[in-house]
Amino acid sequence: MSERQTFRLLWLAFAVAIAVLGWQFREHLETLWSTRGELTVEERAGEVVLRWRGQIEAPLAGKLDEAYRAHAAGTRRFLIALHSPGGSLEHGREVIDLIRRMQRTHMVDTVVEAGRACGSMCVPVYLAGQRRTAAPTARFMFHEVSFRDNLSGKAETVPREAIGRATDQFFERYLKPAGLDARWLADLRERVRGKDVWRTAEELVNQRAGVVHELEPAR
């Protein structure tokens, strides 16, 4: 076998190994996100940090409400730290409504910390914060509304027109009222057609999108 053929075989083996590792990593992430969400509570000077890791699904609203009731008398500020790929519109609305009720008596802010991500329905929950911060490398994901079967969770095939209408309504209801830049939002609406759009917090701030109010200092 010539040296050139050997080199090609080595590169082929390397490419296959990378593909296998990538697939295994993807499966690991899907398994990670499919596990039941977890809320942890950290009391700090002047605030209580509520960290949620998992889908925007039950028991998020219930856990947040429970933590709020347990600590409301002892703090003036709650900070909700999110790490989520998204979830259901219905539960997201429930969480946002709860945050609004909490804000009648307390400051309730949101953050996405370093190495964390907030995608899909997680974004409107994040936007419910009065002061929205994020680590420069924190990642945000936007996409069109997807339709899934309630029992199986599998994506349903629906006409493009229906997806477009639902996405327009999603933008109007959850993104536009949060004070995002109108031109940036219009550009995003075009970019999400048929694909996921990822942005770091630093990119969002540089673009003056209005999603992130302030970047957190490096720790």
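The values are calculated or read from the model by the stated rules, or taken from the named source; none is laboratory data. Since the model is a prediction, treat every value here as computed from it, not as a measurement. Please note: Cβ atoms are built from the backbone with ideal geometry, for glycine as well, and neighbour counts cover all protein chains shown.
Per-residue answers, yes or no, for (1) modelled with pLDDT of 95 or more; (2) among the hydrophobic types (A, V, I, L, M, F, W, C); (3) exposed (fewer than 15 other Cβ atoms within 10 Å of the Cβ):
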site	(1), (2), (3)
GLY153	no, no, yes
ALA162	no, yes, yes
GLN169	yes, no, yes
GLU172	yes, no, yes
LEU180	yes, yes, no
ASP187	yes, no, yes
VAL192	yes, yes, no
ARG199	yes, no, no
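In the range 201-219, what residues are part of a helix (DSSP H, G or I) and surrounded by fewer than 16 Cβ atoms within 10 Å (Cβ to Cβ)?
Across the range 201-219, the qualifying residues are GLU202, GLU203, ASN206.
Quick one: which residue in GLY86, GLY92, GLY115 is at positive phi and touching a helix residue (DSSP H, G or I) at 6+ places or on another chain (Cβ under 8 Å)?
The conditions single out GLY86.
List pairs: first in the range 190-216 and under 16 Å from ALA178 (Cα atoms), second exposed (fewer than 15 other Cβ atoms within 10 Å of the Cβ) and of a type in the set (Gly, Ala, Ser), Cβ under 8 Å, 6+ apart or cross-chain?
Listed by first residue and then by second, the contacts come to GLY210/GLY179.
Count, please, the residues in the range 97-132 that happen to be of a type in the set (D, E, K, R), surrounded by fewer than 16 Cβ atoms within 10 Å (Cβ to Cβ) and not in a helix (DSSP H, G or I).
So the answer is 2.
What is the residue count in the range 70-109 for residues that are touching a residue at least 12 places away in the same chain (Cβ under 8 Å) and under 18 Å from PRO124 (Cα atoms)?
Total satisfying the criteria: 25.
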